[in-house]
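The values are calculated or read from the model by the stated rules, or taken from the named source; none is laboratory data. Because the structure is a prediction, the values reported are computed rather than measured. Please note: Cβ atoms are built from the backbone with ideal geometry, for glycine as well, and neighbour counts cover all protein chains shown. The accessibility values were calculated without ligands, DNA or RNA, using every heavy atom of the protein model including side chains. Shrake-Rupley method; radii C 1.70, N 1.55, O 1.52, S 1.80 Å.
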Amino acid sequence: MNLFQAHISISVTTYFSSLEIVSLNSTNDAIERICGVKNFFERQSELNEINKLISKKRNSISETERAEYGDFQTNRNLSDATCNLLKQQLISPKIIIEPTCGKGNFIISSLKTFKSITHIYGIEIYKPYIWETKFAVLDFFLNNTEYCIPKIKIIHYNIFDFDFNYIAKKHQNDEFLIIGNPPWVTNSKLSVLNSNNFPKKSNFKKHKGLDAITGKGNFDIAEYISLNIFEIFSNLKGTFSFLIKNSVAKNILKEQKRKHYKISNIKQFNIDAKKEFNVSVNASLFTCTLGNKSDFSLSEHDFYTSKHIRNYGWVNDKFVFDIKQYQNTKSYEGKFSYEWRQGIKHDLSKIMELERVNGHFINNKQEIVKIENELVFGLLKSSDLKGKKVNKTRKFTIITQKKIGQETKYIRTQYPKTYKYLLNNVVLFNNRKSSIYKGKPLFSIFGIGDYSFKPYKVAISGMYKTTTFSIVLPNNKKPIMLDDTCYLIGFDSLIEAEITQFLLNKEKTQAFIRSIAFTDAKRMITKELLMRIDLNEIINNTAYKELEIGIGAISEIDWINYRENLAQKTFNRNQQLDLFETMHYPQQKI
Ligand SMILES: C[S@@+](CC[C@H](N)C(=O)[O-])C[C@H]1O[C@@H](n2cnc3c(N)ncnc32)[C@H](O)[C@@H]1O
């Protein structure tokens, strides 16, 4: 802290914070008793200065303390621009609700923009912001005496306990504008912060079992608040307009399929969050009309130019990234004939990943590792999947099992050096956080099966923004493994892998994938997405000539065999599905 152009240390600041400052004399006496300096403050005005600074400090909570409130105040330019954008949609709201109003910029911008307002409700948990908002409103009317004065309530309350039904009922025949920028924080971040700032009903999307515990049960507080607002206000007349992360907008739209809220004319206006909030996240203004009908897709625009980008959302029961592109390629929507697999998961790269340096293996702790070669396989990560064919690896990994859950005691007798190395690091294995390793044999890995040992693989990275597929070839006659950021199918023959790669990399297949892959997702390519590609349909649209040009070394027999194989696979799969259905839903005897 600085005062009178001098730096004040933390202990001095803390001392002044705890000091009861009554008068100049008594304060100076107290300080003299502590440090001997006489008349520390010469004038009352000096004492007032430190008093002012300390009380300001008391009221300002540190960044980490505010983290649980997802506090990113909207600047006035952005709130003004938002209201102007809404005004162009010819709305004339009477009731404004700002559910987490912060310093009140949306309230002031609404006052400036909409002459129709009769009531304003702002709710906020942080008391100093309540004052900021009240003073801002007072300042606004002192300087703008010509404006009509609505009834304004700025309420110091926790939004999760606030009863919006009361406001909805009271103004049920009026036009609402629910506007704001709810907290930018997820429930998992709140649990790291040990915070209670989330709704009591956290599993509000009704995820079951593992989904509730893992990622799918994770949600943004802004998502909860938005859905809660729709729950109460979507049958009334009005407009909803929130600044939210794009991932929240996407989740709202996904949830809309289940909820059928009366929200329509849904739009997303992308903002530059770095410029507006100094955060690197994709965010936007999400707007929709309340009370008319239920829409299931939205149109995405640039906030600053209004330029249309694309439409995304539901097309019947499919959630797609680009509706126009999807309409042109949707015949490729189906069920993939092979099973896409995720690569190896071990959660212990320090020990399990090796590099070859000067003829030795070294691990990620930079230790030389002297073990048998048999369990060591080349390893590719997402970043290594570049180009059409890959047959070399920077990294290697130890494969302890042939299938999930397999006993690993054999390593001790067959590969004693490997066993010793693993055992030396057993504590690290046992400390792996994920619950999947609990109760499993020592040194267990996941993402392993017959498919991992197939010599030829068609693979794609889940993490990169590319949609092209590579072929992975064996190295020194040993199959190459992929890590769990990649997806793969294993093949016994090279030509089968090559044909599959060709079909997947065809322009129309690629366009289909791009129409369903969300480029802003952390994992753009997922197993779920890959399983949606209908290989049979692609084959039906592919002439042998194309393969001849694309692959070169292929005969018509290869093509016929491939198609027959695939047809057989599809037949087997469908029969399995039929069997499954008869077992679970036996036909009623008439
Ligand atoms: C992203 S900021 C936006 C503030 C304001 N809406 C704006 O646009 O400038 C989120 C606000 O939510 C408030 N907040 C967080 N948790 C809250 C809760 N449980 N109840 C009410 N307000 C809350 C924070 O204090 C913060 O002011």
Here's a check for you: in region 319-362, which residue that is hydroxyl-bearing (Ser, Thr, Tyr) and under 30 Å from ILE533 (Cα atoms) is most open to solvent (accessible area, probe 1.4 Å)? SER331
Every residue from region 372-430 that is more than 30 Å from ASN505 (Cβ to Cβ), under 31 Å from the mean Cα position of the chain (by Cα) and among the β-branched types (Val, Ile, Thr): ILE404
Given the criteria in a strand (DSSP E or B), within 15 Å of the ligand (Cβ to nearest atom) and over 21 Å from LEU236 (Cα atoms), does ILE154 qualify? yes
Just checking, does region 103-125 include any residue being open to solvent by less than 30 Å² (accessible area, probe 1.4 Å), within 15 Å of the ligand (Cβ to nearest atom) and at pLDDT below 95? no
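Condition check ((1) within 16 Å of the ligand (Cβ to nearest atom); (2) at pLDDT below 95; (3) touching a strand residue (DSSP E or B) at 6+ places or on another chain (Cβ under 9 Å)) across all residues:
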{"residue": "LYS201", "(1), (2), (3)": "yes, yes, no"}
{"residue": "GLY215", "(1), (2), (3)": "no, yes, no"}
{"residue": "ILE244", "(1), (2), (3)": "yes, no, yes"}
{"residue": "LEU253", "(1), (2), (3)": "no, no, yes"}
{"residue": "GLN268", "(1), (2), (3)": "no, no, yes"}
Condition first: without any contact (Cβ under 8 Å) to a residue 60 or more places away in the chain and either within 7 Å of the ligand (Cβ to nearest atom) or touching a Leu at 6+ places or on another chain (Cβ under 8 Å) (or both). Now tell me which residues in region 157-184 satisfy that. TYR157, ASN158, PHE160
Of the numbered conditions (1) modelled with pLDDT of 90 or more; (2) farther than 24 Å from CYS486 by Cβ, LEU530 fails exactly one; give the number of that condition. (2)
Expected output for region 69-86 (first residue under 19 Å from TYR304 (Cα atoms) and more than 8 Å from the ligand (Cβ to nearest atom), partner modelled with pLDDT under 95 and open to solvent by 20 Å² or more (accessible area, probe 1.4 Å), Cβ below 6 Å, 6+ apart or cross-chain) is none
Note on region 542-579: residues aliphatic (A, V, I, L, M), assigned to a helix (DSSP H, G or I) and surrounded by fewer than 15 Cβ atoms within 10 Å (Cβ to Cβ) are ILE549, ILE557, ILE560, ALA567, LEU577, LEU579
Please go through region 68-99 and give me each residue that is more than 24 Å from the chain's Cα centre (by Cα) and among the polar types (S, T, N, Q), ordered by number. ASN75, ASN77, SER79, THR82, ASN84, GLN88, GLN89, SER92
Within region 46-68, considering residues that are away from the ligand (no atom under 16 Å from the Cβ) and open to solvent by 70 Å² or more (accessible area, probe 1.4 Å), the one modelled with the lowest pLDDT: ARG58
Tell me which of these THR397 doesn't satisfy, since it passes every other one: (1) surrounded by 17 or more Cβ atoms within 10 Å (Cβ to Cβ); (2) of a type outside the set (A, V, I, L, M, F, W, C); (3) assigned to a loop (DSSP other than H, G, I, E, B). (3)
Counting only residues that are small (Gly, Ala, Ser), give me the helices (runs of 4 or more DSSP H) lying completely in region 212-330 with at least 2 of them. 221-233, 246-259
Out of region 92-102, which residues are more than 6 Å from the ligand (Cβ to nearest atom) and among the small types (Gly, Ala, Ser)? SER92
List pairs: first in region 308-321 and among the basic types (Lys, Arg), second open to solvent by less than 20 Å² (accessible area, probe 1.4 Å), Cβ under 7 Å, 6+ apart or cross-chain? ARG310/GLU300
Candidates SER280, SER297, filtered to the one that is at pLDDT below 95 and not hydrophobic (A, V, I, L, M, F, W, C): SER280
Taking the condition of being on the phi > 0 side of the Ramachandran plot and open to solvent by 10 Å² or more (accessible area, probe 1.4 Å), how many residues in region 75-102 meet it? 1
Name the residue, out of TYR147, TYR129, that is of a type outside the set (D, E, K, R) and either modelled with pLDDT of 95 or more or within 9 Å of the ligand (Cβ to nearest atom) (or both). TYR129
Can you give me the number of residues within region 23-54 that are under 17 Å from THR13 (Cα atoms) and assigned to a helix (DSSP H, G or I)? 16
